[in-house]
Amino acid sequence: MERIRRHHLFWPLMVLAALLLFNLLYDPDFFRIQMRDGALYGSLIDILFFGSPLALVAIGMTLVIATRGIDLSVGSVVAISGAIACLTISKGADQNDPSLVLAAVGLALAASALLGLWNGFLVTRAGIQPIVATLILMVAGRGIAQLITSGQIITVISPNYEIIGGGALLALPVSVYIVALVFLLAVFLTRKTALGLFIESVGCNPTASRLAGIRSDTVRLFAYLFCGLCAGMAGLILSSNVSSADCNNAGLWYELDAILAVVIGGTSLNGGRFFLTGTLLGVLIIQTLTTTIYMTGVPPEITLVVKAVVVLAVCLVQSESFRRKLVHSLATARSQPVEREVTPRG
């Protein structure tokens with residue numbers, strides 16, 4: 001039992017189970033799933049559907065954080081990707097032309113990969129701190145997206161493009177399959193090849209890794225490129241779901257939610273060992289929490305406060321040192337003798 005409790009997935013699973021149990025008690029129909037028009041509907045499906053873009057961003061963020069880096073620009077890359085795809089489709093004579101949609105998707109993903117490479121170049125070649133290097137694109141990225149769309153919300157009418165974010169395959173959202181494919185690809189690359197060991201080695205000690213013959217800069221470049229690519233796919237899902245590119249709101253604060261998901265999943269911000277499965281659990285916790293907040297009617301003005309408090313509680317529960325200090329404090333309080341006031345006689 002102690003071995004199970006010490007597993008890095010134990011506390012995230014407990015927190016997710018507690019959230020699901022609360023929702024079930026609050027709404028007995030929470031686990032109800034219906035089939036309509038060949039697709040599944042229900043609260044659990046909504047959690048998977050709306051959590052898909054964040055899951056993609058968090059998977060890429062996991063590899064970056066494992067190399068002792070950070071990427072604050074993923075939200076801006078999400079906006080740029082959606083802007084490029086929608087602009088390309090809107091310029092076509094037939095917006096539903098499959099070749100046009102494929103070209104739009106290819107351009108958006110290529111631009112996202114280049115933006116990831118740009119972040120990696122600033123970190124590895126220019127020697128800029130990751131938080132500063134990615135902050136540059138975070139600030140400028142939304143301005144670039146606004147320039148692409150001329151400050152307007154670009155709307156497209158393309159059923160083929162809508163399939164990416166709003167379609168269904170075998171009754172499940174297409175976006176869920178995209179996340180599954182990216183997750184399996186990431187697991188294969190990091191657990192079935194030497195790449196995962198290289199990433200952990202670079203995250204633990206970049207200098208020692210370089211001296212051992214590992215091309216640290218190349219490993220970090222790949223991590224940022226992959227993260228940018230994941231953010232680009234998230235942008236395609238978000239924009240195709242609403243058939244438009246809204247550069248002001250697309251991917252807003254995604255970088256913070258992605259970092260939280262990675263940390264909740266057990267990956268340390270100090271780099272080194274990383275857990276992709278834990279990251280997915282972190283995404284499910286965040287999305288379930290968001291669904292719970294909306295379902296219980298929490299006022300919008302305090303939604304972020306409630307979310308922050310719950311996430312803080314989750315992180316404290318996961319902290320081994322915090323639990324030890326808490327247990328020690330309780331034991332100390334119990335061991336102290338109780339002082340009783342003695343009343344002198346007569």
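The values are calculated or read from the model by the stated rules, or taken from the named source; none is laboratory data. The shown structure was predicted, so the numbers you read here are calculated from the model rather than taken from an experiment. Cβ atoms come from the backbone with ideal geometry, glycine included; neighbour counts cover every protein chain shown. Calculation scope for accessible area: heavy atoms of the full protein, side chains included, ligands and nucleic acids excluded. Shrake-Rupley method; radii C 1.70, N 1.55, O 1.52, S 1.80 Å.
Whenever a residue of the range 1-13 is modelled with pLDDT of 70 or more, it has no partner that is open to solvent by less than 60 Å² (accessible area, probe 1.4 Å) and of a type in the set (D, E, K, R) lying with C-beta atoms less than 7 angstrom away and at least six residues away or across chains.
If you take the residues of the range 124-140 that are without any contact (Cβ under 8 Å) to a residue 40 or more places away in the chain and assigned to a loop (DSSP other than H, G, I, E, B), which of them is most open to solvent (accessible area, probe 1.4 Å)? The qualifying residue most open to solvent (accessible area, probe 1.4 Å) is 129. Within the range 255-276, track down each residue that is farther than 15 Å from residue 67 by Cα and in a helix (DSSP H, G or I). Hits for the range 255-276 are 255, 256, 257, 258, 260, 261, 264. Would you confirm whether any residue within the range 36-47 is within 21 Å of residue 265 (Cα to Cα) and without any contact (Cβ under 8 Å) to a residue 60 or more places away in the chain? Within the range 36-47, one or more residues are within 21 Å of residue 265 (Cα to Cα) and without any contact (Cβ under 8 Å) to a residue 60 or more places away in the chain.
Applying the condition of being part of a helix (DSSP H, G or I), in contact with a helix residue (DSSP H, G or I) (Cβ under 6 Å, 6 or more places away or on another chain) and hydrophobic (A, V, I, L, M, F, W, C) to the range 11-33 and asking which residue is farthest from residue 290 (Cα to Cα) yields 11. Taking the criterion of being farther than 30 Å from residue 43 by Cβ and not hydrophobic (A, V, I, L, M, F, W, C), the residues of the range 157-207 that qualify are 190, 191, 192, 193, 196, 200, 201, 203, 205, 206, 207. Just to be sure, is residue 50 closer than 20 Å to residue 237 by Cα and either touching a residue at least 12 places away in the same chain (Cβ under 8 Å) or acidic (Asp, Glu) (or both)? Here the answer is yes, as residue 50 does meet what is asked.
Give 289, 304, 269, 281 a once-over and let me know the one that is under 25 Å from residue 73 (Cβ atoms), touching a Pro at 6+ places or on another chain (Cβ under 6 Å) and of a type in the set (A, V, I, L, M, F, W, C). Answer to the selection: 281.
Per this entry, residue 143 is counted among residues that are open to solvent by less than 40 Å² (accessible area, probe 1.4 Å), under 23 Å from the mean Cα position of the chain (by Cα), free of Cβ contacts under 8 Å to residues at least 12 places away in the same chain and over 30 Å from residue 94 (Cβ atoms). Scanning the range 249-288 for residues that are open to solvent by less than 10 Å² (accessible area, probe 1.4 Å), more than 13 Å from the chain's Cα centre (by Cα) and not aromatic (Phe, Trp, Tyr) yields 272, 288. Within the range 207-248, being part of a loop (DSSP other than H, G, I, E, B), of a type in the set (Gly, Ala, Ser) and open to solvent by less than 30 Å² (accessible area, probe 1.4 Å) holds for one residue alone: 243. Restricting attention to the range 46-57, does a residue exist that is aliphatic (A, V, I, L, M), out of contact with any His (no Cβ under 9 Å at 6 or more places or on another chain), farther than 28 Å from residue 170 by Cβ and at pLDDT below 95? No, the range 46-57 has no match at all.
Look at (1) assigned to a helix (DSSP H, G or I); (2) over 23 Å from residue 273 (Cα atoms); (3) of a type outside the set (D, E, K, R); (4) open to solvent by 10 Å² or more (accessible area, probe 1.4 Å) and you find that residue 108 fails only one, number (4). In the range 152-196, of all residues being free of Cβ contacts under 8 Å to residues at least 60 places away in the same chain and assigned to a loop (DSSP other than H, G, I, E, B), the one that is surrounded by the most Cβ atoms within 10 Å (Cβ to Cβ) corresponds to 167. As a summary of the residue check, residue 83 satisfies the conditions (1) touching a residue at least 60 places away in the same chain (Cβ under 8 Å); (2) over 29 Å from residue 149 (Cβ atoms); (3) surrounded by 15 or more Cβ atoms within 10 Å (Cβ to Cβ); (4) of a type outside the set (Ser, Thr, Tyr) except for the one numbered (2). Within the range 35-75, the residues that satisfy the criterion of being surrounded by fewer than 17 Cβ atoms within 10 Å (Cβ to Cβ) and of a type outside the set (A, V, I, L, M, F, W, C) are 36, 37, 38, 41, 42, 46.
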